[in-house]
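**Student:** Starting off with a structure, shown below.
Nothing in this text is a laboratory measurement; each read-out follows from the coordinates by a stated rule. All values derive from a computational prediction rather than experimental measurement. Ideal geometry is used to build each Cβ from the backbone, glycine not excepted, and the neighbour counts take in all protein chains shown.
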């Protein structure tokens, strides 16, 4: 496959993955489940599916469409970083730590468990029926209306992520370096956008109208940042490294977490400074 074919297939899969992530998160929030819990579950489930898929995917187009595209867009490292910062600034430090540790440790464990269970457990399309059924209802219209923004953002973010990966491979760099790079950059971008969208003026009024804020959130946060960053690839890289070099696995995980959260903090602080806000409108 050519680089262009990789990117095009990845964009298509990333658009679908980003939209599905948004649908599931919104459905969870509508049912009273905290957003961070939904994102944590999505990252763990996506990592598990990636671990399972890695054992059965054997062609380049499948890797581009499903692993790099759909699962890369479905999971989100930037969303995890933003959730950690939100909980930290809300003085819920234990929750912030739980999100971070649960994602970074749980993702590789889920991928490993799924890979080990593959010989005896083969999920089929029938398993998707309950999910599809649960997504029916009056809110599906809203999701369909926002599809173009989420899909476009997810496709753009995925294209950048795959391009970074192809560039790293062309220069004989380890794949995890490109994953860490996009995760760190995406975390900073997502934190900046989240803080900026919650800006208020000197009179305490939101600077963004609700409709405009929702559209920007869908396109920039759930689309672009979500497609650019990936938890499933990170989980697979840590899982594979654990089999040969535990030190490398720790290096991969710590680089993503430490640098990602540091970058997200910088992005958050920059938005707070230039937007001149004292608090965030959630």
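**Student:** If packing is taken as the average number of other Cβ atoms within 10 Å across a peptide's residues, how do 230-238, 243-251, 153-161 rank, most packed first?
**Tutor:** Highest to lowest by the protection proxy: 230-238, 153-161, 243-251.
**Student:** So how do 48-61, 253-266 stack up, highest first, on mean other-Cβ count within 10 Å?
**Tutor:** 253-266, 48-61
**Student:** What value, in deg cm²/dmol to 500, does the helix sum -39500 (n - 2.57) over DSSP H runs of n ≥ 4 give at 222 nm once divided by the residues of the chain?
**Tutor:** -23500 deg cm²/dmol
**Student:** How high is the FRET efficiency from residue 93 to residue 243, r the C-beta distance, R0 45 Å, rounded to 0.05?
**Tutor:** It comes out at approximately 0.85.
**Student:** Moving to a separate point now. For the pair residue 214/residue 170, report the inter-label distance in nm, with labels modelled 7 Å from Cα in the Cβ direction.
**Tutor:** Between residue 214 and residue 170, the label points sit 4.1 nm apart.
**Student:** Take the alpha carbon gyration tensor of region 171-270, find the square roots of its eigenvalues, order them as a ≥ b ≥ c, and report rounded if a/c is under 1.5; if not, report prolate when a/b exceeds b/c, else oblate.
**Tutor:** It comes out prolate by the Cα gyration axes.
**Student:** Let me ask something additional. Using all Cα-Cα distances in region 152-199, what percent lands in each 5 angstrom bin from 0 up to the longest?
**Tutor:** 5, 21, 23, 22, 14, 8, 5, 2, 0
**Student:** Using a basic spin-label model with each label point 7 Å from the Cα along Cα→Cβ, how many nm lie between residue 105 and residue 207?
**Tutor:** A separation of 3.8 nm, rounded to one decimal place.
**Student:** If you build a Gaussian network model of the chain, linking Cα atoms that sit under 10 Å apart, which residue out of 220, 173, 109 swings the most?
**Tutor:** 173
**Student:** Which peptide among 78-90, 22-34 comes first, and what is the full order, when sorted by highest mean count of other Cβ atoms within 10 Å?
**Tutor:** 78-90, 22-34
**Student:** Where q = 0.09, 0.11 Å⁻¹, what log10 of I(q)/I(0) comes from the Debye formula for region 3-275, counting one point per Cα?
**Tutor:** -0.38, -0.58
**Student:** Given a Förster distance of 35 Å, report the FRET efficiency between residue 270 and residue 31 from their Cβ-Cβ distance, rounded to the nearest 0.05.
**Tutor:** 0.50
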